[in-house]
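Taking it in order: structure first as structure tokens, then the write-up.
The values are calculated or read from the model by the stated rules, or taken from the named source; none is laboratory data. The structure displayed is predicted, hence computed values, not measured ones. Using ideal geometry, Cβ is built from the backbone for each residue, glycine included, and neighbour counts are taken over all protein chains shown.
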Amino acid sequence: MHNNKFFILITIITFLFFYTCSTPTLAVAAVNSYDKYIISAKLNVEKLEIQANETIYYTNRHDLGFNELYLHIYPNAPSFKSLGGSIEIRKISIDGKEAKFIVTGEDRTILKIFLPTPLLPSSSIKIEISFKVKIPIKEDRFGYYAGVFALAHWYPIMAVYDERGWNLDPYWDAGESFYFECAYYNITFSVPEGYVMAATGRLDEIKKKAGEWIYKWYTPLPVREFAAAVSKNYEVVSGEASVGRRKVKVYSYYLLGHEVAGEIALNTAIKSIEFYSKYYGEYAYSEFRVVEVYGWFGGMEYPMFIMITSSLYSPQRRTILELVVAHETAHNWWYGMVGNHEGLEPIMDEPFAEYSDTLYFKWVYGEKKFEEIFDLTVRRPYYRFLKIRDKDYPIAWSV
């Protein structure tokens, strides 16, 4: 019975929110209203630096004017700065004119831009930002470790303005504080020759020049953010997921010696995309990437792209690898295409992704395996939690 209630709830939420970000059948005016990010970046692997120029085409979709704009600059978070990470904003221009700015926020991860003239409702501007990023030596979503660059939230990204005003939450290490509007991305990223790059979006081309490879990525449909990973140690396998009448290209990037686990990650992602597309609504994009990185976490979700920590690629952890890949893939529905504030509204993504990964085991292995995984990931953790807390808490308690 609880399964039926869950699918009824899924249907309602899907009907209300599914196409908020990525459907290709939206009215032309709505599609054209999405912001656009154009970034040209160069990775220096010796200095652990990224030099970049970013252009954002931003539209005010609210009924009041703005005298300033706010962006998140997460590389400044204390947990990154303590290990060598940072972001230096060198210059900002608004519609070709240099603009004043300050770095602010309780953890110095907010960039405040003072506009030369107010940005009126329905008006658009061009924001140009020159910046340099220092990458921390850290096993994390953003960091370098053992030859792998994990590059999440490395660039300035617009804060969201809603009924609460500007959402300027600090960076949260132990969970997600992320909340972004959908936008189009066009990224040119230069890496040293021989380095393999995986990222959000569709790979348009790789220009191979002496000493460097230049990757060009773009998103045919809007996404909530752009993430990437770079390493000269990556091997890649690929396959296809059948979604309706079309095929989705799926890639698995794994480190040397992890061939079997890399194939498991690939096949899990393919099956997950097919199952979730059947029951929740079709995966909207044409490509998807599963990428091995080093991290304290099991996995982390981004549009069209998920990070899976390297420790799960060991032979002893194959079931957990499947579980985490299925979970993070589900997040491309629950957060990715059904948008929410991941910090303040965790009920809108984590419970659905958690239950989805258990359903994956039911669909692939049957009811007995489903009950085993549900007990492992839901029942037992819940009762352990009750033993160490004084009472139960609301299901939508902020993380």
Open item on the list: Test of understanding: among V237, V243, V250, which residue is touching a Leu at 6+ places or on another chain (Cβ under 8 Å), crowded, with 18+ Cβ neighbours inside 10 Å, over 21 Å from I135 (Cβ atoms) and modelled with pLDDT of 95 or more?
Closed with: V250
Task: Candidates F131, F101, F114, F80, filtered to the one that is modelled with pLDDT of 95 or more, over 21 Å from Y58 (Cβ atoms) and not in a loop (DSSP other than H, G, I, E, B) - done: F80
Task: Flag for E88 being surrounded by 14 or more Cβ atoms within 10 Å (Cβ to Cβ), part of a strand (DSSP E or B), at negative phi and within 20 Å of the chain's Cα centre (by Cα) - done: no
TODO: Output the residues belonging to the range 316-361 that are at pLDDT below 90, among the β-branched types (V, I, T) and over 21 Å from R289 (Cβ atoms).
DONE: I347
- [ ] Select, from G343, G339, the only residue that is more than 27 Å from P220 (Cα to Cα) and surrounded by fewer than 24 Cβ atoms within 10 Å (Cβ to Cβ).
- [x] G343
- [ ] Considering each of D140, D169 in turn, give the residue that is farther than 19 Å from K36 by Cα, charged (D, E, K, R), modelled with pLDDT of 95 or more and in a loop (DSSP other than H, G, I, E, B).
- [x] D140
Task: Where S277 falls short, out of the listed (1) surrounded by fewer than 18 Cβ atoms within 10 Å (Cβ to Cβ); (2) farther than 25 Å from A152 by Cα; (3) at pLDDT 95 or above - done: (1)
Open item on the list: Being over 20 Å from I56 (Cα atoms), of a type in the set (A, V, I, L, M, F, W, C) and surrounded by 21 or more Cβ atoms within 10 Å (Cβ to Cβ) is the filter here; which residues of the range 134-191 pass it?
Closed with: I135, F142, V148, F149, A150, V191
Task: Residues being part of a helix (DSSP H, G or I) and touching a residue at least 60 places away in the same chain (Cβ under 8 Å) - total across the range 311-345 - done: 3
